[in-house]
Every structure is written in C-alpha cells, then in structure tokens.
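Okay, so here's the structure we're looking at.
The values are calculated or read from the model by the stated rules, or taken from the named source; none is laboratory data. Computed from a predicted model, the values in this text were never measured in an experiment. Please note: Cβ atoms are built from the backbone with ideal geometry, for glycine as well, and neighbour counts cover all protein chains shown.
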2 protein chains.
Amino acid sequence: MQTKCYGKQTQAGSLVGRKAAVVPRRIAAPRVKHVQAQAAVAAPAISTEVVDKCVNAIRFLAIDAVNKAKSGHPGMPMGCAPMGYILYNEVMNLNPANPKWFNRDRFVLSAGHGSMFQYALLHLAGYSSVTLDDLKSFRQWGSVTPGHPENFITAGVEVTTGPLGQGICNAVGLAAAEAHLAARFNKPDAPKIVDHYTYCILGDGCMMEGISNEACSLAGHWGLGKLIALYDDNKISIDGNTDISFTEDVAKRYEALGWHVITIKDGNRDYDAIRAAIAEAKTVTDKPTLLKVSTLIGYGSPNKANTYEVHGAALGAEETAATRKNLGWQYGEFEVPEDVYEAFRHAATNGAKAEAQWHADCETYAAKYPKEYAEFKQLISGELPEGWAKALPTFTPEDKQLATRQHSQTMLNSLAPVLPGLIGGSADLASSNLTLMKMFGDFQKGQYAERNTRFGVREHAMGAICNGIGLHASGLIPYCATFFIFTDYMRSAMRMSALSETGTIYGELVPGVRGARGQRALWLCLAFLHPGLPWLNPLASAAVAWPACLAPLLPAVMTHDSIGLGEDGPTHQPIEHLASFRAMPNMLMMRPAGGNETAGAYKVAVSERKRPTTIALSRQNMPSLPGTSQEGVAKGGYTIKDTEGTPDVILLGTGSELQLAYEAAEALGKEGVKARVVSMVCWELFEEQSTEYRDSVLPKSVAARVSVEAGSSFGWERYIGWHGKHIGIDTFGASAPANILYEKFGITTKHIIAAAKESLASTKA
Amino acid sequence: MQTKCYGKQTQAGSLVGRKAAVVPRRIAAPRVKHVQAQAAVAAPAISTEVVDKCVNAIRFLAIDAVNKAKSGHPGMPMGCAPMGYILYNEVMNLNPANPKWFNRDRFVLSAGHGSMFQYALLHLAGYSSVTLDDLKSFRQWGSVTPGHPENFITAGVEVTTGPLGQGICNAVGLAAAEAHLAARFNKPDAPKIVDHYTYCILGDGCMMEGISNEACSLAGHWGLGKLIALYDDNKISIDGNTDISFTEDVAKRYEALGWHVITIKDGNRDYDAIRAAIAEAKTVTDKPTLLKVSTLIGYGSPNKANTYEVHGAALGAEETAATRKNLGWQYGEFEVPEDVYEAFRHAATNGAKAEAQWHADCETYAAKYPKEYAEFKQLISGELPEGWAKALPTFTPEDKQLATRQHSQTMLNSLAPVLPGLIGGSADLASSNLTLMKMFGDFQKGQYAERNTRFGVREHAMGAICNGIGLHASGLIPYCATFFIFTDYMRSAMRMSALSETGTIYGELVPGVRGARGQRALWLCLAFLHPGLPWLNPLASAAVAWPACLAPLLPAVMTHDSIGLGEDGPTHQPIEHLASFRAMPNMLMMRPAGGNETAGAYKVAVSERKRPTTIALSRQNMPSLPGTSQEGVAKGGYTIKDTEGTPDVILLGTGSELQLAYEAAEALGKEGVKARVVSMVCWELFEEQSTEYRDSVLPKSVAARVSVEAGSSFGWERYIGWHGKHIGIDTFGASAPANILYEKFGITTKHIIAAAKESLASTKA
C-alpha cells in the first residue's frame, strides 16, 4: 500500500491521561487569501491548550445534550471533535453571519447520527441559528436541533443526512456543482468567483453502504480534486466491532476508485497530522482525497470509549462525571468557557473577511466580464429566467404519435438553451431515456463546464448526487433518469429529495382527512411558507433567521413506465411504482399523456422550488389528445372530454392509457352512455385544488367510475369509490410484445367499456 | 497490482480471421470425482474444433433468437460463449435430467439481459425445459424463454435476474448456504454430502451498482472460497464505452475486498486461460475468486462488435450474414450441428454419474450418521417439521406490555430450536431489531455452521443475499432485518423476492376488479398452482416438467415502524412504507398488534412458500389486546371487538394504533355509539378471504368508518370509502419523543372519537 500516513496511533489503553503528543505551539494566523485554493492550512494564533479546550467543548456539548435528551449519539462527536475544530476554525471558509454565502466551503456530516457534532460546532463558530438553548432542546419538538441534521430546519446545515452513505454522495454532488460553475465562470485573468472546497465526514456505516462506493467511483472518475472526505475510522458500529462484518481494506479500495488516500493514525489527539493531511489533500488537484482517520468512538470516556455502547445512547451521569475527570474538563453542564468562544471567533472574523473579499473579487470580475457576471448572478439568484416556459412547445392531435420519452427529449432540448442551470443525465440509459441535451458535451474531467452527466449504472448515487447539486443552491437544476422500475434502487435518495428541501407539509392531501391532524399540517405548512409570521410555530423563529433555500429539486425522468415496455419482462415492468410515489410525502408524481402534458409536467417540475417531481414516461407511442394542456397539468386532474349535462360515468386515466379512456368514451357515447374523461396526471396537484374545483371535475353524484392505468389499482379507490372499477394490473407483468401484454392483461378499450357498464349497473343496484 | 494474469489480449482489430491461438488438443475426460472440490478442470475428449463449434452454436442461437424476437441482447452471449461452454460442459456439476439435484453447482447470470446465453446453454446441455422451439419463441407471451431469466418459469435457471448487481449478491447467498450446510452436515470421516461451487457471470453494469460492492465485501469477509465470479469485462455499456463513467481499477478493488483476482486477457478465444483460471480459483479455498475476463461484446460481428449497438438490439439480417461469414458458421437459422449436440452430451452423462455418486455417498453417510442424515434429508425436503408452530407462544391482555420488536425476538428464539432452517440477521441493527437467536453464534469464516448472520450496514445486499439463501432451495429459511425506513435501500431485492418465487398472481386482490383482467389473473394463478392441468396455460407445459421450488422466502423483520420511533426524526420515520408494500404484488405486508398477532405474523411468514412477508414492528410498547389471535392474523383482517347488533361505525387499525381504536370504541360505547374494531394486520390475506367473510367483517351497509395507522392514508379509501376518515400522517414526521409526536400529529383516541362522529354524521347527511 502506497498511502501516506501521518502520525502515530492512539492506543486504546492510553485513554486516561490523554495529555501529551501535541506540543503547544503559537503560529501566526495566516492572512486569509481570497484565492482559497492557495490558502495554507495552518492554525491561527491559538495555543494548543486552548485548542484542547475547544475540542473538549465540542465533546461535552454533545455529551450534555444527549444526556439531557436521553437520546442521541455521543460517540461520534467525541471521536471527531479534533477534526471538527480544525475544519470549522482553521480550514473552512465560512461566514457564520451569512450561512448562505455563495462561495463558502461546504461541509456534509454523512454520519448524520452524530448531529450534535455539527450543532456544537455551529454554535461555537458563531452561527446565530444554534444557540445554547437550542442545544438544550436537542431532539425536542419544534427545536432547530433535530435528531439528524436537516438543512431546511437549521441554517448552516447544507444537506439532510441520516440514511447512511448518502451524505458522501451529496458531497460529490456539491463538489461537482463547484467544478461545473468554476469551469463555466472563472477566467484566467480575473479573480475566481467560484472557488470552494467540499468536506465530508463519513463513518464505517457510510463506507459499508453500496451507494457510497457508487458515488466515490464517480468522484474518482471525475477527478474532483476539491472534494476532501474524512473517514472516521473508529471500527465500531451498532453491532459491535466492525471486524464482525467489515474487514476489507478501505484505503486500497479508495485508491482503486481513483482517490488520493492519506492515513492519520491518531485522530483523537494529533491535530498536526490532521492539518498536514488536509494541506496535502489540497495539493492534489486532480483527485478527490480520502483521509482515513483512526479515532476512538467516545474518546475520553474511560469505560465506554471504543465500544458500541457509546454509539447511540446517553453516557449517563456517572460516566459523564468520569469522562469530565478523565479529560480534565472543569466546566458544568452546557458551560462553555469564554476562551473557547474567543478562540472560535476566528471563524467568524475570517469568514466575514473572506466574504468581503469575494464581493470585491466579484466587482473586479464584473468590470472585466459584465455579460458573464450577469449570467452568473442571475443563475445563483435561484430565480428562473423570465419567459423560460415559452420555450415549451404545444401539440395538436394531428401531430405525429410519439412516446412521451420522446416528448421529454424535446422538452429537455427546448429548455436547455433557456435554462442555464439545467444539468443532468441518466444512469447508463441516455439512449433509452433520451436525456441528452444535444447542444452540450459531457461533464467530464477536463470539461466540467459541460452539462450532460454520465452516471453509469449507479441509480442510487445518481439521485443523491443530484440532491447535492440541487442543494448547492446555486441555481443549478439537476435532473436524472433511469427506467421507472429502477426507482427501486434509488428510492431513499428520492425520499431525501422530497424531505430535505422544505419539509413542507400538505394541508389537504387526503379528502376525508380534516380535523386536528389536517389543521396541524396546515399550521406547520403556513409556518414554513410564511416565515414572517413567527407566532405560527416555534420552528418559525429559526426560519425567519435565514433566507429560504431556493435550490430547485430534481425532476426525475423515468421512462419505460409500465408493461408497455414489453419484452424485457417483469423484472423491468413497474406495477406498484406510481402508487408508491403517490404515497410519498412531498413528491409530485406525474404521468403525462402526449406532448402537451409532457410539456406541462416539465413546466411544473422546473417551477417547483420546494419539492421534487417524478415524471413517468412511456416507451410506446400515443397521440396528443384533444383537450390535453399544460394548464390542465398544473391542476393535476382535469376534464379532457366532456358530455352534455351530467355524465353517466367518469373515466379516469393517465399516460398511455388516457387514449384508451378517450376511445372508450367515444364508443360509449355512440351507445348513449355519457362518459366524461378525466386526466389524473398528478394526484398531488389535484388534491391541492379547491374543493369546488375537485367536485366539478369529479362530482360525488356520479358514482359510476372507471380508472385505467397500466399499473396497480392501489390507491385508485380514492377516486373511483366502492362502485368503481379499475382497469390495470395488480400482478407482475410478463415478457412479450407490448400490444400482446395489453390484450392479455385486459387493458383495452373493450374492457373499459364493459367496466363502465358494470359500474353504472352497480350504482343502480 | 499483484493479480495473476492468463493469456494474451484479443485485439479489437483481430476480429476477422478469428482462428488461431487455441491449439487443438485431446485430453482424456477426467473421471468425475464425487469430492468435487478436488476435481480437476480439464476439457473432455472433444477437439478444439468442436469446442469452437459449440461456442459458435451458443453465439448463433443467441443471434437468431434475438433476430426472431426483434428484441433482446445478443452482445453478451456472443462475448461470453467460451465461458459458457467451459462452465456448462467442462466445469460444472449439473444433471440436466434433474435440474433440482441438490448437490449441483449453482450458476447465476447476474448480467440477466444476456438471457439467451443461458437459454442456449440449457438447451445445448440437454435440459428438456428449453427446446429449440422454446428458443424460437424467445420473449413471446407464454414462452419459457422470457426477456430475463426467471427461476419460476425455466427449469435450470436458479435465480431471477435483470436488475443489475443483484445476481452476484444472490450468488453470495447461494455460496453462503453451501458453506453453512457443508459445515453443519459434512463429516471428516464420511463422503461430503454438501459440496458444490457457485459460479456467476457479471458485467460492467453489475460492477457499477453499489449493491455488488456490498455483497462482495461480505463475501470477502466471509471468505467464501467456493464462490467463483467471472467478470465479463467488455468495456461497453448502454451509453457506449465504459470510459465515460467507469474508470476505476476493478481488480484492485476486489483485492481490497478480500478476493483472489485472476485476469484473463482473451476471453474470446483463449479457452485454456479460462480453464486454468477456474482451476486456480478452486485451489484458493479461503477467498472468493474474481476472474476478470476481457471479452469483446458481440464477438464475431465484423461491424458491431465492441460497440454499444450490439448490446441490446438485434443484429439484423445483413450483419448476421456478415457474422456467419466472419466466424465461418455454415449453418442455418436455429440450426445446431449434430456434433455440437454430441459434444454437449458430456454434461448430461457426467451429471447423471455425479448425481448417482452423490446418492451413493448419501447412503454411506447415512449408514454412519443416521441422525444427521435424517435431519439433512428433512431439511432439504423443504417441508417444515411437524408441529413447529406449537412453539409460538400466546398472550393475554394481562401480559406485560411490550414492543412488537420484543415479541419478534421471542418468536425468533421460540422458532429457532424447532426450525432447523432458520438463519438470518440484521444490517448492523441486531441490538435494535432484536434479531439474534441466542442459542447460536455468528455465521463467520471458520464457523459457518452458526446461524446469526452479520450483514453490516448493507441493506440491499442483505435482501439479495437472503434471496440467494432461499433460492438455494435447501430448506433454509432466511430472515433479515433493519429499520422499516431502510426498506427504501433494499426495495428492489424485496421486489425480486416477491417476483422470483412463483409468479403467483392474485385472483382477487382488488375488490371491484373483476372482468377479464381478474379472470386472466385467476387463470394464470390456477395454471401455476395446478401444473397438472396443462390445458390451462401454455406456461404449464414447462411447469409440469419440473418440481415446484419449495424455497421459503425471507420474512423481513422491520422494526421502528412509524413516527413511534421518536427522536431520530423524519429521516428515520416511515410514512408511506406500509402503502408502498401493500401495493407491491405478491408481498405480504404485516403490521401486527401485540404478542398474539406477532406470533400469527411469524406463523404466516414461515408457512408461506410462495411469497415473502414483511413484518413491521414497533419500537414502543403496546398491550396484547383481547380478541387478537394467530387465527385472526391468518385471515388478514378480523373483528377484535364487536357490538351487539349492527355497529354504527367501524374502527380499523393496525399495529401500535389498534389499542387507540380499541380505547376509542370503549369510549364511544359509553356515549351510546356502537363501534366495531377491526384489526387489518395484513390486507393481502384479507383480500383472499371469501366475499362473504369480508362483507361480514366490513359490511357495506356500515359506511361510517375510521382507519387509524401512524402512516400514510394512501390506500385506506379501499376500506373506509368516501364517508370514512383516516387518522394517520401524510407528511414527514419530526424529531421528538414518540408520545409528543402522537399528540402533535393528532393520532390519539380523542381524534379517533371525533372522526368517528364526523364520519357517522357524513353518512346521515
């Protein structure tokens, strides 16, 4: 193994009497350089004794908060406190007074259970978003210090973490966003206006998860030199020592993935080794760097360090006292000595200077490159360019029948020229998902300014990387694509996308759900949407303090959306997937029919700032039906074909089956049965319409209803009721040409007509 | 890099004029030894010219079948044909006359899109399950040759593959099952009765997927020496050359994972290199081996080899003609020369001998170890031991309130002594999921006979490995566990579990779904369940030919099943997960309330042979309510508390919220409102009851209904209708103690009572 190694390892036995190793030093604080890549990593003018105190302050804030909450994870913060101190007070370019400063270094706590690590650091570094009182209400209702870091709750938290392995993928996305914007906007003869590092701490759990291997393989391929990951190698996970399930050579694996790897033997005490490793990492500009940092989980706890006991449970009074004694910590619960606060002012002071310098740099740049700067400013504002939606084409029934995946390609290529933030791609299915923006090349090492991203067969990492790109909050609009069935591989990343932006809660998702729960939801919703009304919610006090995050969320472009994909068979045919995303909070699940609805779906997906959109697209052709429209899509459900007077029966459909409903309605009409056709393209949006509107589309008085969708019936009872029928498929599919499958599974106009008559008869019975 | 390397690489330019390299040889066929691990790898007495023909026969069957279907993937079979020939006709211990022979070597095509590779080989090797006509109906309705290999359709296919990366995980499971049974039953002084290898071919896509890294890390940790994976390193994926997204050093990564790695430079022509590598792999008994085999995708096609064009599309007439010419193939479409069939008889002849020898060995073993042999025989019969279910305890309302995860621990530890096949564990949450069988140690290298498996933080691989263990079809009953939320990480493996066992189709899943689709489903269902009635279904002819696969499917033990987990917050709180699994075909989704229902859930999960069960379990305590029972659970939904006469309102609940419904009913009763309480523990089972039974539990005449479940309302309309109310949560949760969350989100008895009155009023309006 060729990996470089810093320092000597802490012995597990040397826990008690932890002094030594680090020689007290005084080093002049470096002048913060605005060209950050060149900035030296060096300690400010703070004695090692004080650094020790700062490090212990992190440890004890975590210990005390977890004790008070009687719940949480003290072990990680205790072991990683030195890394935390060095990152937040020496290394990272951050401005606590403006957590959203564009050019800040990004930090991701992939080991999200160690949230108190981050909260303690945010507090000590001077973020007003996390007060000492906030630390005291760790994990309590309405606090800004929830169990796992949530970016939409706590200013200074970049991404929401907890589900292991995803944070490092988000970090890859953040670093990719930086590389992209730097390549697009920086000029050789002007100050760099995009120039920051992305740091990430990840643990054994993150390392075991396959998603991290996917993303780190891509990061190595892309050569993201400004990504620096610190692996908290403490050899303990929930089930005990990692030697029961995790004995691979991680350093060698990361070298194989194309990373620069540095080993730090004693992450508990050897500050200089950490500093030197970070400095070295910065010199490696063509590879991401992994710092493999040996630590003791729960460092300082005489009886619980290096055991799983300290991972996810409070230390308790007795062991806390023993730890205080062991680490020589003479301060009370939640007590932070003034010299610790004083030392941490370094972060705020330097951050303010760095931001000021950046603004000055921007002015210099703007003077030289006014056009580029205007584009940059517009982009990072997060506002969409005026009139962008006009680029979306409209269609008539006379237009050629096409698959909606083809329409999707048209939309992406119509939008790419007018949306400078659009960036994305597919998990090795670009030619099938039709996701290439034809005017751009591939985002690759050496050509980061391009916008087609090649994710390889790595769906889960793709989702999480896109989340990171979106959460860079620089106006980039990431999209990603695969076959709809493979959302099963990336579901957690999609859920995190839905969760992590706003936590917006639907007040009226479910008809029949009113009462206190609905009110509560509405109340929370209002509190989030109107942060100016702090009386609405305890959370609002935090929300007021920082600007809304405007990062757009990923539209997920999911083609091959039903058995209509045909011969690939049941392993590739989604059945329950529409239902499963309709059930997911904060996710817009779209299944457009034809060109106008695909345009409408993109219009919604790009416009939405607070929730992700999943667009299910067909492999097979269909017409752009009369009555379909972008405006209709915006309402989620709307009538595309009506009858005179009250209809006898309502036919509801989506996507490729809407045409079947349309044909059935025409046939029924000839038989004297008045059938209305409703496109239910997006249930979530429909539920948000007024009761009046919803009742006008689906009047309760018309109980005869048939829904048609080449997927599970699950959930359709909401709209078709007890008298309704569903034409779809509740079993796995089969391998055969698509038209045969539709016939065999009975998804045909004939079956809709029969079901409509049955339903009608049932209402009269 | 220290990996060993065999042979010289084929040049892409050397496609035309492919003869050479392999010198014709005649080697005496080795006597098949029953101690297979010692069997030498050597070619039978077949000239290299004939081997060439056999290899080309595989290629052209794939080409012709894909051409005929106008759909499929010829590139992989064309590149991997030499590996296929050597495995099926020289290396593997298989008996085509008995595809289910217990001691056969297992083969997994992880690159499942190359299904014609496997079908061609099964046909040539003499499996009656795949005739020439079957190859001609590749990818057609009712054929036994679907687009991707499906174990429940085609005898000789061990596992269903297609979703990339999962096949290699299944292979890890198959190899783990072999290691386990070998350690339990083989004796030093008797013939080995468990002794086979597991082979797997995986491609670039499998390599990129994170799930494969997870499973291969475990395989390395476990030191599964009898797992031999062949990596089809053809450097082409759907989007083109893998250098656009996949440039890592795979060999080095696998070394880091603890594998033995061998490189084969020319997998297209250098048969001896493949043979030598497999022989070497067999000498490495303490590590799995990866053969990194360089091939050309679409080998032999002059214009399409080594391009993505040959990956997933028919070659077409012109290029097929050119390929015929290039490879010197003088035979017609689907024509197999007799000497090829003749050469392939080796497989059947040796297989029959090997099985006969194994039976003889079993007799020798049985004479010496009658007790062990009886246990072995009983186990591999797949039949459950008589009376096993009596081990499940029953509970009364007076019993201590416990979390259902604690009851689950009781069930596992009650069943472990009576179910010799029970094996499983958790993804690093054993202490939280409570899944340890206390009488057993850990399944580890050197102690494979133990039954607690430590999967590490690798949910997706855990699921797929368990699928592999189940599909070993040796009576092992794998279970796996994590927090319910992390089913998002393993969803595809769970779906494959639901798909891959039977393909059983529910005839009556959805009320209101009758008509042709329902009939079709029923028809298919019957065809599968009654393979003796071949007139029912074209598939049945295949089903008749081979015994039903009795591998039990994994019960997934999913704890922390709602916001009831409290402080960990929304990243850890499932909301939509119950709905998402209820929508999944062939999955039994259980949410038991208290001890009796947890026992009932396990009874169903273990009894079910044709579909997997997911059991959602609580972190928080609850009573074992009066009226709850194992018998009730078997019906899926049942009345636990009734009123005299027709009820005014029906309260439906599951899991930890059933007690709230119970309390609400009591309170309503005191106010003169007659409320029935129904436990809806498993919707799928309820739907399978007779209409009469279902109507008796939920009479349509009682339209006033309230459902209560700490999760999404999605889907509940099926049971509560338009007048019903749902008490649950359709938003993301929050971080706070559980009792606070229930209060804040309005999931309380008080809210149920109010909702019941509202619903009642609504029915009267």
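Numbers for the structure displayed
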| quantity | calculated |
| --- | --- |
| When residues of the range B:209-225 are limited to those that are crowded, with 24+ Cβ neighbours inside 10 Å and within 18 Å of B:Leu291 (Cβ to Cβ), the one nearest to the other protein chains (Cβ to nearest Cβ) | B:Asn213 |
| Options B:Val681, B:Val677; residue that is under 16 Å from B:Ile650 (Cβ atoms), in a loop (DSSP other than H, G, I, E, B) and either modelled with pLDDT under 95 or more than 13 Å from chain A (Cβ to nearest Cβ) (or both) | B:Val681 |
| Condition broken by A:Gly13, with the remaining ones in (1) under 26 Å from A:Ala251 (Cβ atoms); (2) part of a helix (DSSP H, G or I); (3) at pLDDT 50 or above satisfied | (3) |
| Within the range B:91-113, tally of residues that are of a type in the set (Lys, Arg) and farther than 29 Å from A:Asp568 by Cα | 0 |
| Verdict on B:Leu685 being in the same structural domain as B:Arg705 (by TED's automatic domain parsing) and under 19 Å from B:Lys725 (Cβ atoms) | no |
| Filter result for A:Glu333 (free of Cβ contacts under 8 Å to residues at least 12 places away in the same chain and under 16 Å from A:Pro77 (Cβ atoms)) | no |
| Count - residues of the range B:685-715 that are free of Cβ contacts under 8 Å to residues at least 40 places away in the same chain and crowded, with 24+ Cβ neighbours inside 10 Å | 1 |
| Residue within the range A:99-111 that is at pLDDT 95 or above, of a type in the set (Ser, Thr, Tyr), at negative phi and assigned to a helix (DSSP H, G or I) present | no |
| Only one of B:Asp204, B:Asp195 that is modelled with pLDDT of 95 or more, surrounded by fewer than 24 Cβ atoms within 10 Å (Cβ to Cβ) and charged (D, E, K, R) | B:Asp195 |
| Qualifying positions in the range A:414-464 - surrounded by 24 or more Cβ atoms within 10 Å (Cβ to Cβ) and acidic (Asp, Glu) | A:Asp428, A:Glu459 |
| Check on A:Gly114, touching a Lys or Arg at 6+ places or on another chain (Cβ under 7 Å) and of a type outside the set (Ser, Thr, Tyr) | no |
| Matching option when the condition is within 28 Å of the chain's Cα centre (by Cα) and among the charged types (D, E, K, R), among A:Lys368, A:Lys377, A:Lys390 | A:Lys377 |
| Residue count, the range B:451-484 (criterion: under 20 Å from B:Val418 (Cα atoms) and either of a type in the set (A, V, I, L, M) or within 14 Å of chain A (Cβ to nearest Cβ) (or both)) | 7 |
| Helices (runs of 4 or more DSSP H) completely within the range A:713-765 that count 3 or more residues being more than 8 Å from chain B (Cβ to nearest Cβ) | A:738-744, A:749-764 |
| Subset of the range B:716-737 that is under 27 Å from A:Ile153 (Cα atoms) and of a type outside the set (Val, Ile, Thr) - its residue that is surrounded by the most Cβ atoms within 10 Å (Cβ to Cβ) | B:Ser735 |
| Qualifying residues in the range B:112-141 (those that are within 8 Å of chain A (Cβ to nearest Cβ) and surrounded by fewer than 24 Cβ atoms within 10 Å (Cβ to Cβ)) - the one farthest from B:Glu335 (Cα to Cα) | B:Trp141 |
| Selection within the range A:596-622 - under 12 Å from A:Gly655 (Cβ atoms) and not polar (S, T, N, Q) | A:Glu597, A:Ala601, A:Ile615, A:Ala616, A:Leu617, A:Arg619, A:Met622 |
| Any strands (runs of 3 or more DSSP E) falling wholly within the range A:570-660 and containing at least 1 residues that are closer than 20 Å to A:Tyr489 by Cβ and of a type in the set (A, V, I, L, M) | A:588-590, A:613-616 |
| Test result for A:Ala62, assigned by TED's automatic domain parsing to the domain that holds A:Ala175, surrounded by fewer than 24 Cβ atoms within 10 Å (Cβ to Cβ) and either in contact with a Gly (Cβ under 9 Å, 6 or more places away or on another chain) or aliphatic (A, V, I, L, M) (or both) | no |
| Unique match (being more than 19 Å from A:Met589 (Cβ to Cβ), outside the structural domain of A:Thr749 (by TED's automatic domain parsing) and modelled with pLDDT of 95 or more) among A:Gly627, A:Gly672 | A:Gly627 |
| Unique residue being within 14 Å of chain B (Cβ to nearest Cβ), over 28 Å from the mean Cα position of the chain (by Cα), crowded, with 24+ Cβ neighbours inside 10 Å and not basic (Lys, Arg) when the list is A:Ser237, A:Ser245 | A:Ser245 |
| Single unsatisfied condition, B:Asp266 versus (1) of a type in the set (Asp, Glu); (2) part of a loop (DSSP other than H, G, I, E, B); (3) within 14 Å of chain A (Cβ to nearest Cβ) | (3) |
